[in-house]
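Taking it in order: structure first as structure tokens, then the write-up.
What follows is calculated from the coordinates using simple rules that are stated; it is not laboratory data. Everything numeric in this text was worked out from a predicted model, so none of it was measured. Positions of Cβ are backbone-derived with ideal geometry, glycine not excepted, and every protein chain shown enters the neighbour counts.
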Amino acid sequence: MARNRKIDHDELKAALERKLRQTEQAARPARQLGFVHHNVDCIGCRACEIACKDKNGLPPGPRFRRVLPIEGGRFPDVYAYKINMACNHCAEPACLPTCPTGAIWKRGDNGVVDIDSSLCIGCRKCEAACPYGAPQWDPQEWVVKKCNMCIDELEAGRKPYCVMACMMRVLDIGPIEDLWQGRWPTTAVGPGEKPVRQVRHMANPELTGPSIAFVAHRKGRVDER
Amino acid sequence: MPFRFFPSRLRQLFRAALLLGLPFALWQLWQANREGDGSHDLWRATYDPIHFAPAILQARDEDCLVCHREVLLDRVREKSPAGLPAQARRAAYQEVSTYAGEQETFHRRHLVTPLARELMDLRCNTCHVGHEPRDEAPGTSATAIRQGSLRKQVDVESTCLKCHGRLNPEQMGLPGPWPEVKAAFGDSCLSCHASIRSVRHRVNYLKAEAIEAAAAKDSEICHGCHGGRAWYRLSYPYPRHPWPGSESSLPAWAKDRATESEARFLPPPTVDRESRQKP
């Protein structure tokens, strides 16, 4: 990283002040983006995971996005489905207030919870505090890194790498309110399907208000049987 | 006929290969077991029964630290990769009277730094109750641990939330959030809590007397675990122990509250016996 580069301390200080104003309190974005995933149609190929690791240049260990295979039941009532989660870009992220250096902030334009790992001192408090396991420890660089919804891609008018890599088109992004209401056109939600905010085993969304929508499996639903 | 010749020759070859190969393979296995590349040991340690219930619940911290020493030894970087010195900045929650020392890691702040030692006695298994490394979600294999939440080894809602949830001013009849109204109550929770809900913190991971003693000097102590470092929007539904002078009728919100702390955190029975023997 910046080991051999000369550090402009004035610029660093100015950047930090700018950043800190954003971090003391989570921004309330005009439009919150979030991921949507179809738990049943996902085939668990993990192309999204690999695309993510590739884009972010991650060594073995840290995985921003994870496909979680859920299996169970007894014959003949067996089931298998996938839950796919990265950072949920929460309304009130738990990671953000724990960060002592201002490396984590929430963007005012699209609600993405962004991180500048070059300001990270490796205290790992965000990692512990996140109820959804999003911040990832990189033991080689001794910093925490996490999903920022490929903010550079978003700014270029494209979608994140994981979404683009999904061959089943069951992973997508969109304005989360519209996704929850079923108003957002996306291949990740089939006709007549209603996305939910929580699935079985996911930590209570009331903790931080995660921006995530799932089309749940019959066995993964928490609101009804 | 070459057809006849080959099978018998092959059989001989086979036998020879077996005779020579089998001991060689066994020797290889033995070697791998003995030295190996370490991966064998890694798997064995990963699946050590100590990571699973019930062993994990009985483990002492020393048992875990044999292998996980780094949890208490690792320190924060001196400088971030961009050159920001670790001690240059403090978060808002570190600008309070109870905060002491330099930036520290998550585990050290809960296990070895002075305030943690004064007020708490957290153990590895207060938070770590076991997880199945093969499983990325709880409950999907025969050996799985059925509690917990996706992607986490530690369940936030049943651990962190107890000390990092919101204070609940409405329920307490406070006119507003604590920082705004505290002047009216002499800046002390004890103005009410000397007598209300006074049976508290009787769990093996807190030092009840030390907490009261510290709080008598600095009211930030109570607030620190009840609203001052609130990472979450929820308040923890604390058990509601009857206290001397409590009314027998329950308020509506307390109808389905427990009246005792979780069994696994109750202090060892010897302490109980002693207190019962006292007149």
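Compare A:G133, A:G122, A:G61 in a GNM of chain A, Cα atoms joined below 10 Å, and give the one with the largest fluctuation.
A:G61
Roughly speaking, what is the stretch gain from B:Q87 to B:D218, that is 0.36 nm per residue apart minus the C-alpha to C-alpha distance, in nm to one decimal? Before the final figure, lay out each step's value.
Details: separation 131, 0.36 × 131 = 47.16 nm, distance 2.49 nm.
Net length gain for the segment: 44.7 nm.
Where does helix A:47-56 land angle-wise versus the long Cα axis of chain A, in degrees 0 to 90, nearest 10?
That works out to roughly 0 degrees.
Please give the net charge around B:P169, taking every other residue with its beta carbon less than 12 angstrom from that of B:P169, where Lys and Arg add +1 and Asp and Glu add -1. Intermediate values should be presented prior to the final figure.
On the way: positive: B:R166, B:K182; negative: B:E170, B:E180.
Neighbourhood net charge equals 0.
Using a simple spin-label model with points 7 Å from Cα along the Cα→Cβ vector, what separation in nm is obtained for A:K159 and B:V181?
About 4.8 nm separates the two model spin labels.
Between A:D178 and B:E260, how many nm apart are label points set 7 Å from Cα along the C-beta direction?
5.4
With 10 angstrom as the radius, rank A:F75, B:F14, B:F106, B:F265 by how many other C-beta atoms surround their C-beta, starting from the fewest.
On the way: A:F75 5, B:F14 11, B:F106 18, B:F265 14.
So the residues, fewest neighbours to most, are A:F75, B:F14, B:F265, B:F106.
Kindly state, to the nearest 0.05, the FRET efficiency for B:V199 paired with B:W27, given R0 = 56 Å and r defined as their beta-carbon distance. Show your work: numbers first, answer last.
Values: r = 66 Å, r/R0 = 1.18.
E(calc), rounded to 0.05, equals 0.25.
Within 10 Å of each residue's Cβ, count the other Cβ atoms and sort A:C126, A:C166 from fewest upward. Write out the running numbers ahead of the final one.
Details: A:C126 26, A:C166 23.
So the residues, fewest neighbours to most, are A:C166, A:C126.
Once phi is turned into ³J(HN,Hα) by the Karplus curve 6.51 cos²θ - 1.76 cosθ + 1.60 with θ = phi - 60°, what whole-Hz value does each residue of segment A:202-214 show in order, with x for glycine and proline?
Karplus values, whole Hz, x for Gly and Pro: 7, 4, 3, x, 5, 4, 9, x, x, 8, 9, 10, 10.
Which whole-number percent gives the relative contact order of segment B:159-230, counting Cα pairs below 8 Å spaced six or more residues apart? Before the final figure, lay out each step's value.
Details: 51 pairs, mean separation 37.7, N = 72.
The value is 52 percent.
Largest first and in whole Å, what are the equivalent-ellipsoid semi-axes of segment A:178-225 based on the Cα gyration tensor, each being the root of 5 times an eigenvalue? It would help to have the intermediate numbers written out before the result.
Numbers: eigenvalues 69, 40, 11 Å².
The equivalent ellipsoid of segment A:178-225 has semi-axes of 19, 14, 7 Å.
Would you mind putting B:93-104, B:217-228 in packing order, based on average other-beta-carbon counts within 10 Å, highest first? Don't jump to the answer; show the numbers that get you there.
Working: B:93-104: 14.2, B:217-228: 19.2.
Per-residue Cβ counts within 10 Å, averaged per peptide and sorted highest first, yield B:217-228, B:93-104.
With +1 assigned to the C-beta of every Lys and Arg and -1 to the C-beta of every Asp and Glu, and no other charges, what is the dipole magnitude of segment A:2-215 about the Cα centre in debye, to the nearest 20?
Details: 30 positive and 25 negative charges, 45 e Å.
In debye, rounded to 20, segment A:2-215 gives about 220.
Got a sec? How would A:C130, B:C192, B:C64 order by Cβ neighbour count within 10 Å, fewest to most?
Working: A:C130 30, B:C192 13, B:C64 18.
Placing the least packed residue first, the sequence is B:C192, B:C64, A:C130.
For segment A:2-215, build the charge dipole from Cβ charges (+1 Lys, Arg; -1 Asp, Glu) around the Cα centre, then report which of A:W184, A:A156, A:L68 sits farthest towards its positive end.
Result: A:L68.
Count neighbours as other Cβ atoms within 10 Å of each site's Cβ, and list the trypsin sites (Lys or Arg not before Pro) in segment A:166-207 that are DSSP loop with at most 11 such neighbours.
Details: sites: A:R169, A:R183, A:R197, A:R200; in loops: A:R169, A:R183, A:R197, A:R200.
Listed in order of number, the matching sites are A:R183.
Just name one of A:A216, A:L12, B:L84: the one whose Cα is farthest towards the positive end of the charge dipole of the protein assembly as shown (beta-carbon charges, Lys/Arg +1, Asp/Glu -1).
Farthest along the dipole direction, towards plus: A:A216.
With +1 assigned to the C-beta of every Lys and Arg and -1 to the C-beta of every Asp and Glu, and no other charges, what is the dipole magnitude of the protein assembly as shown about the Cα centre in debye, to the nearest 20?
On the way: 72 positive and 60 negative charges, 264 e Å.
That gives the protein assembly as shown a dipole magnitude of about 1260 debye.
Using only the C-alpha atoms of the protein assembly as shown, find the volume of their convex hull and express it per residue in Å³.
Numbers: hull volume 132.0 nm³, N = 504.
It comes to 262 Å³ per residue, whole-number rounded.
For segment A:2-215, what does the alpha-carbon gyration tensor say about shape, rounded, prolate or oblate, given a ≥ b ≥ c as the root eigenvalues, a/c under 1.5 as rounded, and a/b over b/c as prolate?
Numbers: a/c = 1.90, a/b = 1.64, b/c = 1.16.
Since a/c reaches 1.5 and a/b is larger than b/c, the shape of segment A:2-215 is classed as prolate.
Using Cα pairs closer than 8 Å and at least 6 residues apart in sequence, work out the relative contact order for segment A:2-215, in percent.
Working: 386 pairs, mean separation 59.4, N = 214.
RCO, segment A:2-215: 28 percent.
Check B:L206: other-chain or 5+ apart residues with amide H under 5 Å from its amide H, H built from backbone geometry?
B:D121
Filter the cross-link list A:K194/B:K152; A:K53/A:K219; A:K194/A:K219 down to pairs whose alpha-carbon distance in this structure exceeds 21 Å.
Numbers: A:K194/B:K152 27 Å; A:K53/A:K219 30 Å; A:K194/A:K219 15 Å.
Flagged as over cut-off: A:K194/B:K152; A:K53/A:K219.
Relative contact order for chain B: what percent, with Cα pairs under 8 Å and sequence separation of 6 or more? Let's see the in-between values first.
Numbers: 247 pairs, mean separation 44.1, N = 279.
Here the relative contact order equals 16 percent.
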